[in-house]
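Only one structure is covered here, and it is reproduced in the block below.
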Amino acid sequence: MKKKFIFITGGVVSSLGKGIASASIGALLESHGYKVTFLKFDPYINVDPGTMSPFQHGEVYVTEDGAETDLDLGHYERFTNARMSHKNNATSGQIYYSVIEKERKGVYLGKTVQVVPHITDEIKERIFALKKEGDIIITEIGGTVGDIESLPFLESIRQIQVTLPEEDTVHIHLTLVPYIKTADEIKTKPTQHSVGRLREIGIQPKILLCRTEKPLGYEIKEKIALFCNVKKEAVIEAIDTDLIYEIPLIFSKQKLDLIILKYLNLKTKRKKDLEKWKEIVRILRNPEKEVKIGVVGKYVKLQDSYKSIYEALIHGGIENRCKIIFKKVDSELIEKEGVENFLNDVSGIIVPGGFGIRGTEGIIESIRYARENKIPFLGICLGLQCASIEFARNVCNIPDASSTEFNPKTKNPIIYLLPEQRKVKNKGGTMRLGAYPCVLKKGTISYNAYKKTKIYERHRHRYEFNNKYRELFIKNNIIFAGIYLEKDLVEIIELKNHPFFVATQFHPEFKSKPFKPHPLFSAFIRSSKSKT
Ligand code: GLN
């Protein structure tokens, strides 16, 4: 089939949910029988988000092949069957890096290397490279139209649109239509300006997704259509919802999928079936129970830092027909005010990943609380590392046990750097990254959840459990439930005589999907639900 391209840009302000909108469009096109893939462009200079603080960037999503990528790739994988890899995310930094490398090799010998055409050609190459991966390539451009940084990306898609036949591309612009309370009016002006900005650089969007807190109504849609030069039926209301999994349904009701297919001159390949989406929305709107989960971490203040964790918990909730109430607890506050205040009303405790010593004493304290009070506990990466330190200190009586990440001079390095990691000088892309095999021990909670012995899970960490302490831990009732055999590294620990105490060195949250909840998250929620 002739490949088709969808471009998605955002206007007025950031954080309008372009990633989820793109993922929802992907889901709808899949339901018509098309294979979709995605490309996210991020206009910053970092080569990848791996070196940024979660407070700056939010979660770093890790793909199967070990790329540290934008969290929107998480939405793409959760909403569709597309498999993401390093090819599906590119930053300005990466693009410039490869152009400069080529320049040094003499690839452009004799020429002046410039943004147009060299940077723009590199951008176009990344888009066309995905032709092999899907029938429809959905390219999302990060940032907001009008930013200086995103201009080369916009210029590249303008060029693609003018060189390919009209029906091979469609441009969708996500914009904000604010409601002004004092005037009791919905305002279309920011949208007009944003589309005007796009037209200045030669792009006329064909479809507008209008984020709004109030229904737009016929007149507003008509006005937007007329002033922004798009068809009335192509002004889509993207109304606020508390359930992201409802968005494909909201779009489908307004026939967004059919409008896109029409512009791309494609026919539906099978009868669209959105029953599975309706079913999860039904479950989440009418849960059997509400289960309160304490999320204890160092980045809880920023909604986006643990995106995949929250989603995976919601998926575990779907499987168990319950709604998850998140109690987000800043581990530094636990250090100041004590654990009891924060965690005495939760049915389960989860500790997500993190870097550096700040807040880790509060995390360790909350794990002690979960262990002693037999509250279901799931620890992830830093969660496993802190659980091991807690256990060494409070059960094995090693009071100064620590990680060399927190205290390089510790006499009892329960968590430490492997010799090969000690040699690494660079900070970017040098952790243990991506999917590794892990063998599960029969009879453990983990084995019973996965129901198989060999699993592959994604990693993003430098430090490892120090095998010197294995014997001692086993004597004290720890089970090493999962091992990376090739290097004999600890992947999962569990605690005997506890309803659910599981900690993993890998990040299971990256593989959870609404229609295929991750087995560990399902088991964790099942156990927490029975505590409610
Ligand atoms: N800071 C720890 C390490 O690098 C844990 C990382 C994480 O939680 N992802 O090993």
Estimated FRET transfer efficiency (K2, N397; beta-carbon r; R0 60 Å; 0.05): 0.30
Contact order relative to length for region 296-414, counting C-alpha pairs under 8 Å separated by 6 or more residues, stands in percent at 22
Per-peptide average of other Cβ atoms within 10 Å, ordering 417-426, 146-155 highest first: 146-155, 417-426
Which order do the peptides 102-112, 236-246 come out in when sorted by mean C-beta neighbours inside 10 angstrom, highest first? 236-246, 102-112
Considering amide H positions built from the backbone, and no H for Pro or chain starts, which residues 5 or more places from L418, or on another chain, come under 5 Å of its amide H? E464
Quickly estimate the mean residue ellipticity at 222 nm for the chain, helices only: each DSSP H run with n ≥ 4 gives -39500 (n - 2.57), and the total goes over all residues, rounded to 500. -10500 deg cm²/dmol
Based on the mean of other beta carbon atoms within 10 Å per residue, what is the order of 219-229, 2-12, most packed first? 2-12, 219-229
Sites Y179 and D345, calculated FRET efficiency, Cβ-Cβ separation with R0 30 Å, nearest 0.05: 0.25
Give me the three principal axis extents of the chain from the C-alpha atoms, as integers in angstrom, largest value leading. 72, 62, 47
Given contacts defined as C-alpha pairs under 8 Å and at least six residues apart, what's the relative contact order of region 429-532, whole-number percent? 25
Computed over the chain: relative contact order in percent, which uses C-alpha pairs under 8 Å that are six or more apart: 15
Run a plain Debye calculation on region 417-462 (Cα atoms as equal point scatterers, no solvent) and give log10 I(q)/I(0) at q = 0.27, 0.28 Å⁻¹, rounded to two decimals, same order as the q list. -0.92, -0.96
Can you work out the base-10 log of I(q)/I(0) for region 366-413 at q = 0.13, 0.18 1/Å, using the Debye formula on its C-alpha atoms alone? -0.29, -0.54
So if I take the centroid of the Cα atoms in region 125-160 and the same for region 1-76, what is the distance between those two points in Å? 11
Fraction of alpha-carbon pairs in region 244-394 farther than 24 Å apart, rounded to whole percent, equals 45
List the aspartates and glutamates whose Cα sits under 16 Å from the Cα of K221, skipping any in the same chain fewer than 8 residues away. E185, E213, E233, E237
For the cross-link pairs K301/K441; K468/K513; K181/K511; K18/K441; K276/K454, which exceed 31 Å when the distance is taken from alpha carbon to alpha carbon? K301/K441; K468/K513; K181/K511; K18/K441
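Bear in mind that the values in this text are calculations on the coordinates, not laboratory data. Just so it is clear, the structure is predicted and the values come from calculations on it, not from any experiment. Ideal geometry is used to build each Cβ from the backbone, glycine not excepted, and the neighbour counts take in all protein chains shown.
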